[in-house]
Ligand SMILES: C[S@@+](CC[C@H](N)C(=O)[O-])C[C@H]1O[C@@H](n2cnc3c(N)ncnc32)[C@H](O)[C@@H]1O
């Protein structure tokens, strides 16, 4: 079962009533379309703008991201950080890395971003908390492992955000390993008394979990 959660017309209407991003974001979208084989992995305008708002609302100074891709969500969140803020983002794909580094270098908020290459579970072992906000958006099979590794790095009151947690509706009838991994992640967060959580029906589903 694969469901488009938000009809295109509604997505367009919502975009028309949302902040317009800096022109560099449209250029990044186009570059990603032209050069990457799975450009739909990019969070896009609405979710990116929402992430930036969350960073501002959390008064975040340190943000952790797992899954940089070509850098759209990282750049958006970096815009929401203060001048002395820091965003650490992790990925494994050198082709996506090249695009991300190019756009980070061309954008003033890009100087707040540190891109760490290598499997995120290894990178996480090298990081010191506390972080104010963490965004999980990488390989779905590791979502529960990322959760276990990231939660201790968040400050009390810090926000964990995970993308694709409705997985195009496949959470309702899981068949593949990634389907089952997302289901296990959602069940784990839902049952965890250490966090206050809500699973939002934005785009492909966003789990928000506030560390108590
Ligand atoms: C959905 S994309 C991230 C999209 C990004 N947040 C954006 O808005 O453009 C997922 C990314 O996770 C990366 N990834 C996959 N496995 C990984 C791993 N073990 N460690 C770190 N990154 C990984 C992929 O290379 C890919 O770029």
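The values are calculated or read from the model by the stated rules, or taken from the named source; none is laboratory data. Keep in mind the model is a prediction, meaning the values are calculated, not measured. Quick reminder, even Gly has a Cβ in these numbers, built from the backbone with ideal geometry, and neighbours come from all protein chains shown.
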Being crowded, with 16+ Cβ neighbours inside 10 Å and touching a residue at least 24 places away in the same chain (Cβ under 8 Å) is the filter here; which residues of the stretch 185-209 pass it? 185, 189, 195, 199, 202, 203, 204, 205, 206, 207, 208, 209
For the stretch 162-180, give me each residue that is in contact (Cβ under 8 Å) with a residue 12 or more places away in the chain and either surrounded by fewer than 16 Cβ atoms within 10 Å (Cβ to Cβ) or more than 12 Å from residue 136 (Cβ to Cβ) (or both). 166, 167, 168, 169, 170, 171, 172, 173, 177, 178, 179
The stretch 78-88, subset under 14 Å from the mean Cα position of the chain (by Cα) and under 10 Å from residue 110 (Cα atoms), residue surrounded by the most Cβ atoms within 10 Å (Cβ to Cβ): 87
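Yes/no per residue for (1) crowded, with 22+ Cβ neighbours inside 10 Å; (2) at pLDDT below 95; (3) away from the ligand (no atom under 14 Å from the Cβ):
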residue: 30; (1), (2), (3): no, no, no
residue: 34; (1), (2), (3): no, no, yes
residue: 56; (1), (2), (3): no, no, yes
residue: 59; (1), (2), (3): no, no, yes
residue: 67; (1), (2), (3): yes, no, no
residue: 72; (1), (2), (3): yes, no, no
Considering 81, 121, which residue is modelled with pLDDT of 95 or more and within 14 Å of the ligand (Cβ to nearest atom)? 121
Quick one: which strands (runs of 3 or more DSSP E) lie wholly within the stretch 127-212 and hold at least 2 residues that are over 26 Å from residue 8 (Cβ atoms) and within 14 Å of the chain's Cα centre (by Cα)? 131-136, 154-163
Scan the stretch 136-152 and give yes if some residue there is touching a helix residue (DSSP H, G or I) at 6+ places or on another chain (Cβ under 9 Å), over 22 Å from residue 207 (Cα atoms), without any contact (Cβ under 8 Å) to a residue 40 or more places away in the chain and within 8 Å of the ligand (Cβ to nearest atom), otherwise no. no
Which of the residues that make up the stretch 40-51 are within 9 Å of the ligand (Cβ to nearest atom) and touching a residue at least 12 places away in the same chain (Cβ under 8 Å)? 41, 42, 43, 44, 47, 48, 51
Counting only residues that are farther than 23 Å from residue 118 by Cβ, assigned to a helix (DSSP H, G or I) and touching a residue at least 12 places away in the same chain (Cβ under 8 Å), how many does the stretch 52-75 have? 5
